[in-house]
Amino acid sequence: MKRLGEPKHFESSDITLRILSRRMALRLGPDGHGVNSSLGMALPGGEQGLGSLAYIYFHRIQKLARLVERHTRTEEVILGHAVAHEIGHLLLNTPMHSAAGIMHVPWEGTDLARALEGGLVFTPAEAAQMQANLRAPARGSEEARVTRVNPLSGASQ
Ligand SMILES: [Zn+2]
């Protein structure tokens, strides 16, 4: 049962994040084949609402970790940040990237150094947008359907 103040219509099962091996990534198609060097992929929902599926290409996490100077937790830290980045795409509901912060790409040496120090984060605007998106009615929910068909609401969602 939901308590007052909790985000509406967002359940823990709404996001699936799959961490793929190189072999599994290759089955995904061009992105998994290394057309670019992205560490993962997310499928934002666009006008349908928030997306729910993201992938992490673990072999690229490992490759990037090997390029960074030795650090005891490099692979884990990069993996954690890549997970946050891909979930960020889902919660921001966009495939776009930012000029700075965890949604900036590609991650270079300074970004990775900041990640290892815990300083690679979402911008305040991104955090606010994710919170707003989580408060919005989910696609298919009763509230969303009512909003879509109510001519008085003025909503175009
Ligand atoms: Zn991205």
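The values are calculated or read from the model by the stated rules, or taken from the named source; none is laboratory data. It should be emphasised that the depicted structure is a prediction, and the values quoted were computed from it without experimental measurement. Neighbour counts run over all protein chains shown; Cβ positions are idealised from the backbone, glycine included.
Quick look at the numbers
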| read-out | value |
| --- | --- |
| Considering residues of the range 85-113 that are at pLDDT below 95 and of a type in the set (D, E, K, R) only, the residue nearest to the ligand (Cβ to nearest atom) | D111 |
| Lone qualifier among L120, L91 - being among the aliphatic types (A, V, I, L, M), under 26 Å from R135 (Cβ atoms) and not in a loop (DSSP other than H, G, I, E, B) | L91 |
| Every residue from the range 91-113 that is β-branched (V, I, T) and touching a residue at least 40 places away in the same chain (Cβ under 8 Å) | T94, V105 |
| Single condition L116 does not satisfy, out of (1) among the hydrophobic types (A, V, I, L, M, F, W, C); (2) within 14 Å of the ligand (Cβ to nearest atom); (3) touching a residue at least 40 places away in the same chain (Cβ under 8 Å) | (2) |
